[in-house]
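Participant: First the structure, which I've put down as structure tokens, then a few questions once you've had a look.
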Amino acid sequence: MNILERLEKGPVIGDGGFVFSLEKRGYVKAGPWTPEATVEHPEAVRQLHREFLRAGSDVMQTFTFYASEDKLQNRGNEASKKYGVRDINEAACKLAREVANEGNGLIAGGVCQTPTYLSGLGKIKVQEEFRKQTEVFKANNVDFMIAEYFEHVEEIEWAIEVLKEMNIPIAANMCINSDGDLHGLDAGECAVRMAKAGADIVGVNCHFDPFVSLKTIETMKSALDNAGLTPYLMCQPLGYLTPDAEKQGFIDLPEFPFSLEPRVCTRWEMQKFAREAWELGVRYIGG
């Protein structure tokens, strides 16, 4: 079954948190958060995939967070500059597929926001960055794509346009709270625009804790219902509690990134989140 068929039948459990998990283990550098570990230390990436699979994840998301060429050039270390977007993403796809084959997992390719967008270089340049990545995902026959960690709905719309060229299901997540994106557009409007752009699954990931994120999902769901749109809902929040975070979430907290441990959600809190997410109508639940 593909991702949409699985969502029709019941919940899909996602993985997540690769950059933080591997940073704590010494394989990712805080700050750049780029995934050159796929080629430098594939055994570490493979092991973390395997841990997520054993914990119950249905999806192995490629470790391609911030792996656009412009990000690697902008913030990556010497290794990421040496290997480049194709080698890093190619290795990520093979590692995810290897571990997914040990169970019944699906493979999700992933793209996220780009320095090119933040630099104001325009739609054509931004979409060029996405296409450099999707070429690798196409070649490796990923099962679906996730556009995640976007702070501006305009950019994620541009990403969705490129991902639609792959003719596979698309999930779209923004790292926002109910206040909306950094251009001041309401979270509900963001959800509607993602769905209209062609996303089959819509939601939020990162920047905020499970309970802040569920409030954002409520806002999104209401707007989608009012617009007559019915994408599946997805929520992959932080594993840290952020009730005091402002619009950009945990990255503006004084504890970020090295002192967040006291904020870690308990297993009980994560269970509570999962139940509340399901009752709200979220069918893709992760972290």
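Participant: Can you name every residue in region 163-214 that is outside any strand (DSSP E or B), of a type in the set (S, T, N, Q) and closer than 27 Å to ARG263 by Cβ?
Facilitator: SER178, SER213
Participant: Which residue is nearest to the chain's Cα centre (by Cα), if the candidates are limited to region 134-154 and must be open to solvent by 20 Å² or more (accessible area, probe 1.4 Å) and over 20 Å from LYS123 (Cα atoms)?
Facilitator: Per the stated criteria, the residue is ASP143.
Participant: Go through region 275-285 and report how many residues are touching a residue at least 40 places away in the same chain (Cβ under 8 Å) and either aromatic (Phe, Trp, Tyr) or over 15 Å from THR216 (Cβ atoms) (or both).
Facilitator: Counting residues in region 275-285 that are touching a residue at least 40 places away in the same chain (Cβ under 8 Å) and either aromatic (Phe, Trp, Tyr) or over 15 Å from THR216 (Cβ atoms) (or both) gives 3.
Participant: Ok, one more. Is it true that some residue in region 42-49 is closer than 24 Å to MET1 by Cα, in contact (Cβ under 8 Å) with a residue 12 or more places away in the chain and open to solvent by less than 40 Å² (accessible area, probe 1.4 Å)?
Facilitator: yes
Participant: Related question: Let me confirm something: among ASP186, ASP252, ASP179, which residue is open to solvent by 60 Å² or more (accessible area, probe 1.4 Å) and touching a Ser or Thr at 6+ places or on another chain (Cβ under 8 Å)?
Facilitator: Answer to the check: ASP186.
Participant: Could you look through region 255-275, keep only residues that are more than 15 Å from GLY287 (Cα to Cα) and over 21 Å from the mean Cα position of the chain (by Cα), and pick out the one that is most open to solvent (accessible area, probe 1.4 Å)?
Facilitator: Of everything passing the filter in region 255-275, PHE258 is most open to solvent (accessible area, probe 1.4 Å).
Participant: Answer with yes or no whether ILE160 is out of contact with any Gly (no Cβ under 7 Å at 6 or more places or on another chain), in a helix (DSSP H, G or I), open to solvent by less than 10 Å² (accessible area, probe 1.4 Å) and under 22 Å from MET60 (Cα atoms).
Facilitator: Taking the combined requirement at face value, the residue does not satisfy it.
Participant: Conditions: (1) in contact (Cβ under 8 Å) with a residue 60 or more places away in the chain; (2) more than 23 Å from LEU22 (Cα to Cα); (3) in contact with a His (Cβ under 9 Å, 6 or more places away or on another chain). PHE130 meets all but one. Number of the miss?
Facilitator: The number of the failed condition is (3).
Participant: While we're here: Being closer than 23 Å to ASP200 by Cβ, open to solvent by 30 Å² or more (accessible area, probe 1.4 Å) and either of a type in the set (Phe, Trp, Tyr) or in contact (Cβ under 8 Å) with a residue 60 or more places away in the chain (or both) is the filter here; which residues of region 1-33 pass it?
Facilitator: Of everything in region 1-33, those that are closer than 23 Å to ASP200 by Cβ, open to solvent by 30 Å² or more (accessible area, probe 1.4 Å) and either of a type in the set (Phe, Trp, Tyr) or in contact (Cβ under 8 Å) with a residue 60 or more places away in the chain (or both) turn out to be ASN2, LEU4, ARG6, PRO11, ILE13.
The values are calculated or read from the model by the stated rules, or taken from the named source; none is laboratory data. Values in this document were obtained by computation on a predicted structure and should not be read as measured data. Note that we place each Cβ from the backbone using ideal geometry, even for glycine, and neighbour counts take in every protein chain shown. The area values use the complete protein model at the heavy-atom level, side chains included, leaving out ligands, DNA and RNA. Shrake-Rupley method; radii C 1.70, N 1.55, O 1.52, S 1.80 Å.
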